[in-house]
Amino acid sequence: MLSHEMAAATSRVLRAVIAAVIIALTIIACGDTSPDPAACKAALQAQYVKASAGQGHLGAEPAACKALPASEVQRFTQQVLEGR
C-alpha cells in the first residue's frame, strides 16, 4: 500500500471512530432520565403560588415529580405547605 493510501485509510477510520464516540456520548447525555428532586420541589412551589393566587389548584402531581418516590413528593408537598 502506498503511504498516501495508508494515510487516507487511517483518516477514514479515525473519522469513523470519532463519529461513533460523538454518537455514543449524545445518546448517553440524552438518555439521562434521572429524576431531579429540586425541579420537583420548584414545580410544587410554582403550583402552590398559582393556587394561592386563584389561578390553579393544588393536587395534581407536576410532571417533574413523576419519577420520584411518592414519599419524597409528599415530603416536598408538606415542606411547600409549611413555607419551607
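The values are calculated or read from the model by the stated rules, or taken from the named source; none is laboratory data. Computed from a predicted structure; not experimentally measured. Positions of Cβ are backbone-derived with ideal geometry, glycine not excepted, and every protein chain shown enters the neighbour counts.
Descriptive notes on the structure:
- No other residue among A24, A16, A29 is over 21 Å from the mean Cα position of the chain (by Cα), modelled with pLDDT under 70 and of a type in the set (G, A, S) apart from A16.
- Counted residues, the stretch 45-68 - those being loosely packed, with under 11 Cβ neighbours inside 10 Å and of a type outside the set (A, V, I, L, M): 6
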